[in-house]
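Structure record follows, encoded as C-alpha cells.
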Amino acid sequence: MLVSGSAANDLTCASSTTLEGLATCIRNQIPQSGSNGFVTPSAAEQSDWRWAVNQMLQGACDFALPASLSEVAQVKTFADAVNGRNYCVLMEVRDADHNGFVDRGWGTFITYNSATRELSHQAPHPISDSTTELQAITIFKETDSRSYLMAGAHRNANPATSTCQSSYNQADVAHGTDNMFHAANQELLNWYGAALWNAIQWHGMAADICPNTHVYPSHGRDVTPVAGDQIVELRDNALRYHPAWDIDLPGAGACSLNATDNTQGRLLNGVAADNICGMAATSDTGRFIHIEQDPNYRNPADWINPIRDTWPVAPLPAAPANLTATAGNKQVSLTWSASANATSYRLYRSTISDGAYTTIATGVATIGYTEGCLTDGVTHYYVVTAVNAHGESGYSNQASATPTAPQSPPATPTGINALPGNTQVTLSWNVSAGATSYNVKRATVSGGPYTTIARGVTGASYVNAGLANGTTYYFVVSAVNAAGESRKSAQVAVTPASGKL
C-alpha cells in the first residue's frame, strides 16, 4: 500500500478490507451532528485539494500532498479484498485531540483508473441521509465508475448557517461552496472539459416528504425532461427491474425536491461561479443528476443494473488497419484506415522491427500523422492503436520507412557526339554525376521542339535506327535521377547516309 500524508494520531481505517468497509469506517469518524467539528477550508487549501483530485484523475496515487494537506489528509492505494482491484483514496485522517473524529470534516475522494463509465457517485449527506454513502460507494464499485465523493461531516455538524445559502447549515456541502466536496466537483468539471460525464448525487428523503413517490431523479431544475434524457432512461431501466416502484420526474408536480438550490447542480449546469449561491440554473447540461429516495429504495443492489443499462459500456475500438509509412527528408508520413468506435489514435515507433515501441503521439484525431526531426538513413518501424473512453485497441500492422536526404537533379550531360550510319545514328556522351539514367530527344529542326525517343537509358550511349538517309537530325540528351531531370545537353546535328557504316 502506497501512502502519502500519513502522520501521528491518524484515523486511517487501516483494518478496512473493502470499499464498503472503508466508507463505513470513514462515516463513523467524521464530525457528527451538533459537534461543531466542521472547519471551513481556506481558498489555498481548496486549491491544493483540487490539485490532488486532478492528480488522481490523471491516474497518479503515489504523489506527495501539498503542505496544507499533508498533516491533515492521506492519499493511498487501497486494494479491495473482494474484487482484487486497486483504488486511489484521498481521505482526511488527522485526529489531533484524540476524540475519535477527524478534525476538519473535509471528506473523501476515490478514483478507479480502469473505469469503463465516466460517472462520479457522490454522497453529500452521509449519516443524515442514512446509508446513501454506502449505496454510492457500492454502485461506484460495481459499475466500474471513475470516482466516488463523500462529504466529510454531518450536514448539521455546525449550528452556524451557511454564508452561501442562509436556510442551510455551514457544513451542508450541497448548499455551500466553501468546502472540499464543492472543490472536488469544480476540479471534475475542469478535468473533463467538454468530455461526457455525469455527477450522480445520491440523496435520501423522508417517507412523508413526497408520500406518493419512491424515487425522484432530477437535473437540478423543475422542468419536464424530453424523451431520451438520461433521467428518463434511468427511470425506465429501473422500472424494468422494479415495476412496483413509483418513480416520478420533474415537471409534473409530483415532488418538490428538484435540487434547484443545490450548489453543485448549479455549477455543473453552467451558472457562473460568482452567482452559484444566489442564482438558479436556467438550463441544464445533463451532467448533474440528483436522486431522492425513500428509505426502502436505497439498496445498492437494486440500482446496479439500471445504472449499467443507462450508461452502457461502449466496446473498445478495433485495431487500425492499412498503416503505411512514406519517407521524406528527416521525416516519415503515416496514414491508416479509420477504426470503428475510435475517438483518437496513439502512435508508436521503434528502430527494431516488432518493437519494443516508444509512444510518439497521443490524442491524434485524424488518420494521418507526420513525424519530423528524424535521422536520415535510419529505418523506423511504426504501429498505431485506436483509443476511446473505455481503452485502447491492439496494434495495427507494422509499417517502416527510412528518411532520406533530398537529392539534386544530376548534372547536364556533356561531350555529346553523334556518329552517322546507314539509316541510323550512334550517340555517346560523358557520364553525368548523380545520374541513374538518361533520356534521348530528337528533332528535325535545329533547336526543337524535341521528341523523347528513349527513356531510362542506363549507359552513356544510344543507337537510333530507322532513320531516313539524307535527313539531318538534331539530338540532345538529359540525365535523370529520383530528384528529377537535368537540363538538355548541347545539341548535336547528324545526317545518316547510305555510304556510312
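Please label the shape of the stretch 132-237 as rounded, prolate or oblate, based on the square roots a ≥ b ≥ c of the eigenvalues of the alpha-carbon gyration tensor (a/c under 1.5 means rounded; beyond that, a/b larger than b/c means prolate, else oblate).
Numbers: a/c = 1.58, a/b = 1.20, b/c = 1.32.
Taking the square roots of the gyration eigenvalues as a ≥ b ≥ c, the stretch 132-237 is oblate.
Dividing the mean sequence gap of close Cα pairs (under 8 Å, 6+ apart) by how many residues the chain holds gives a relative contact order of 10 percent. Mean projection of the Cα convex hull over all viewing directions, computed for the stretch 1-107: 6.7 nm². For the chain, adding -39500 (n - 2.57) for each run of n ≥ 4 DSSP H residues and dividing by the number of residues yields -5000 deg cm²/dmol at 222 nm.
Take 111-117, 213-219, 83-89 and order them by the average number of nearby Cβ atoms within 10 Å per residue, most first; the result is 213-219, 111-117, 83-89. Legend: ranking of residues Met205, Met180, Met279 from fewest to most surrounding C-beta atoms inside 10 Å; resulting order Met279, Met205, Met180.
Evaluate E = 1/(1 + (r/R0)^6) for Ser167 and Ser114, where r is the Cβ-Cβ distance and R0 equals 35 Å; express this FRET efficiency to the nearest 0.05. Present the calculation step by step, with values, prior to reporting the outcome.
On the way: r = 41 Å, r/R0 = 1.18.
Rounded to the nearest 0.05, the efficiency is 0.25.
Taking 14 Å as the straight-line reach from the Cα of Lys441, the aspartates and glutamates in range (excluding those fewer than 8 positions away in the same chain) are Glu485.
If you count, for each residue, the other Cβ atoms within 10 Å and average over each peptide, how do 150-156, 12-18, 122-128 line up from highest to lowest?
Numbers: 150-156: 26.6, 12-18: 15.0, 122-128: 24.9.
Answer by packing, highest mean first, reads 150-156, 122-128, 12-18.
Applying 0.36 nm per residue to the separation of Leu239 and Asp208 and subtracting their alpha-carbon distance, the gain on full extension is 9.0 nm.
Our summary gives the stretch 321-401 a relative contact order of 37 percent, counting only alpha carbon pairs under 8 angstrom and 6 or more residues apart.
The long axis of helix 180-192 is offset from the longest Cα principal axis of the chain by roughly 20 degrees. Counting only Cα atoms, I'd like the Rg/Rh figure for the stretch 321-401, Kirkwood definition for Rh. Ratio value, two decimals: 0.95. Overall, the anisotropy analysis places the stretch 369-501 in the prolate class: the square-rooted eigenvalues a ≥ b ≥ c of its C-alpha gyration tensor yield a/c not less than 1.5, with a/b exceeding b/c.
Below 8 Å between Cα atoms, with a sequence gap of 6+, how large is the relative contact order for the stretch 277-355 in percent?
Values: 40 pairs, mean separation 15.9, N = 79.
20 percent.
Please say if the chain is rounded, prolate or oblate, where rounded means a/c under 1.5 for a ≥ b ≥ c the square roots of the C-alpha gyration tensor eigenvalues, and otherwise the choice is prolate for a/b larger than b/c and oblate otherwise? Mind showing how you got there, number by number?
Working: a/c = 4.01, a/b = 3.08, b/c = 1.30.
Cα axes put the chain in the prolate bin.
Can you tell me which aspartates and glutamates have their Cα less than 15 Å from the Cα of Lys330? Leave out same-chain residues fewer than eight positions away. Within the straight-line cut-off, Lys330 pairs with Glu371, Asp376.
What does the charge count around Phe475 come to, taking other residues whose C-beta lies under 13 Å from its C-beta (Lys +1, Arg +1, Asp -1, Glu -1)? Could the numbers behind the result be given before it?
Working: positive: Lys441, Arg442, Lys488; negative: none.
Net charge around Phe475: +3.
For the chain, the longest principal axis of the C-alpha atoms and the axis of helix 132-142 are separated by about 30°. With a simple spin-label model that places each label point 7 Å from the Cα along the Cα-to-Cβ direction, the separation between Asn54 and Asn329 comes to 4.1 nm. In terms of surrounding Cβ atoms within a 10 Å radius of their Cβ, Trp51, Trp202 rank from fewest to most as Trp51, Trp202.
Round to a whole angstrom and tell me the spacing of the C-alpha centers of the stretch 145-177 and the stretch 348-373. Centre-to-centre distance over Cα atoms comes out at 48 Å. Fewest-first ordering of His182, His121, His290 by other beta carbons within 10 Å of each residue's beta carbon gives His182, His290, His121. Pairing the Cα long axis of helix 19-28 with the longest principal axis of the chain, what angle in degrees results, from 0 to 90 and rounded to the nearest 10? Computed tilt is about 40 degrees.
In this Cβ point-charge picture (+1 for Lys and Arg, -1 for Asp and Glu), the chain has a dipole of about 3520 debye about its Cα centre. For a 4.7 Å threshold on C-beta separation, the list of partnerless cysteines in the chain reads Cys373.
FYI, it's all coordinate maths here, none of it is from the lab. As the structure is a prediction and not an experimental result, all values here were calculated from the model. Glycine also receives a Cβ, built like all others from the backbone with ideal geometry; neighbour counts cover every protein chain displayed.
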